1. So is Gln123 at pLDDT 90 or above and outside the structural domain of Thr28 (by TED's automatic domain parsing) or not?
2. Condition first: polar (S, T, N, Q) and surrounded by 13 or more Cβ atoms within 10 Å (Cβ to Cβ). Now tell me which residues in the stretch 68-88 satisfy that.
3. Tally time: how many residues in the stretch 139-180 are part of a helix (DSSP H, G or I) and at pLDDT 80 or above?
4. With the condition being within 30 Å of Leu81 (Cβ to Cβ), modelled with pLDDT of 70 or more and among the polar types (S, T, N, Q), I'd like the strands (runs of 3 or more DSSP E) fully within the stretch 3-69 carrying at least 2 qualifying residues.
Amino acid sequence: MKAILGLGVAAVLFIGSNSLFVVQESETGVVFRLGEIVKTDLQPGLHLKMPFVNNVRTFDQRIQTLDATPERYLTGELKNLEVDSYIKWRVANSERFYTSMGGDFNLANQRLSQIIKDGLRSQFGSRTVEDIVSGERVAIADNITRLANREAVQFGIEIVDVRLKRIDLPRDISDSVFRRMEAERQRVAADLRSLGGESAERIRADADRQRTVILADAFREAEQTRGEGDAIAARIYAEAYGIDPEFYSFYQSLNAYQESFSSKNDMLVLDPNLDFFKHFTR
């Protein structure tokens with residue numbers, strides 16, 4: 001009797017445990033009856049089902065992040081750009097998500113990745129590099145989000161956001177652009193050095209000219225001053241000569257003697273009767 005009672009209790013517990021299921025706060029779910037969908041978009045909480053008849057699939061309803069692999073896209077100028085992007089998405093309709101993707105998040109990522117690549121190819125193909133770099137990245141992302149949602153809705157997916165993390169030129173093109181920029185900077189530097197050298201030569205030549213002019217002016221003023229001094233000296237001598245001609249003649253002879261006999265070895269052989277020695281004969 002106890003064994004039968006125990007089996008009955010076990011059976012009730014087993015049936016009860018298979019009649020209840022919980023949908024977490026971050027989940028949504030689908031209820032099947034013998035493989036046919038009978039209820040979708042289950043709300044979080046405790047739910048009932050018929051054991052052995054109903055089964056349940058739950059899906060994470062939180063926002064998912066798909067970090068896409070960087071890809072190359074052609075612009076309207078037929079120039080390659082390497083674009084790194086990411087996608088934010090979530091399950092919006094559990095029935096469509098299950099019927100189209102089988103509830104497989106990896107398959108959903110692959111499908112969304114292709115949709116976004118097609119959108120990026122279209123958006124970049126209608127713009128130039130200047131348009132993209134100058135500030136249309138937000139407009140591109142918004143357009144892709146809007147257009148991609150039109151396709152994603154059939155999969156029960158809502159694309160929350162698409163963002164472009166980085167837009168670069170390919171490595172080989174970047175190196176070429178860098179070399180071109182480096183050559184341009186070197187050309188500008190050479191031009192500046194040439195202009196600087198030209199200015200330096202002009203300043204140096206102007207300084208040399210000013211130096212020559214200053215020296216010439218100084219020499220002229222010195223000669224003028226010297227001439228004025230000589231004129232004053234000559235006038236003084238003349239005035240002194242006029243006051244006492246005899247003394248002036250004597251003074252001049254002394255100067256001549258001093259200049260002639262500046263050394264003990266100096267010797268002059270002259271006629272004593274010459275005027276040169278007239279002051280010694282008196």
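The values are calculated or read from the model by the stated rules, or taken from the named source; none is laboratory data. If you're wondering where the values come from, they're calculated on a predicted model, not measured in any experiment. Counting neighbours? That spans all protein chains shown, and the Cβs are built from the backbone with ideal geometry, glycine included.
1. Criteria not met by Gln123.
2. Within the stretch 68-88, Thr75, Asn80, Ser85 qualify.
3. Matching residues across the stretch 139-180 total 17.
4. Counting at least 2 such residues, we get 64-67.
Table: residues versus (1) of a type in the set (Lys, Arg); (2) assigned by TED's automatic domain parsing to the domain that holds Val160; (3) closer than 17 Å to Gly125 by Cα.
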| residue | (1), (2), (3) |
| --- | --- |
| Val53 | no, no, no |
| Ala68 | no, yes, no |
| Glu71 | no, yes, yes |
| Leu74 | no, yes, yes |
| Lys79 | yes, yes, yes |
| Val83 | no, yes, yes |
| Tyr86 | no, yes, no |
| Trp89 | no, yes, no |
| Arg96 | yes, yes, no |
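Quick grid of which residues meet (1) touching a helix residue (DSSP H, G or I) at 6+ places or on another chain (Cβ under 9 Å); (2) loosely packed, with under 14 Cβ neighbours inside 10 Å:
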| site | (1), (2) |
| --- | --- |
| Thr28 | yes, no |
| Asn54 | no, no |
| Arg90 | no, no |
| Asn106 | no, yes |
| Glu130 | no, yes |
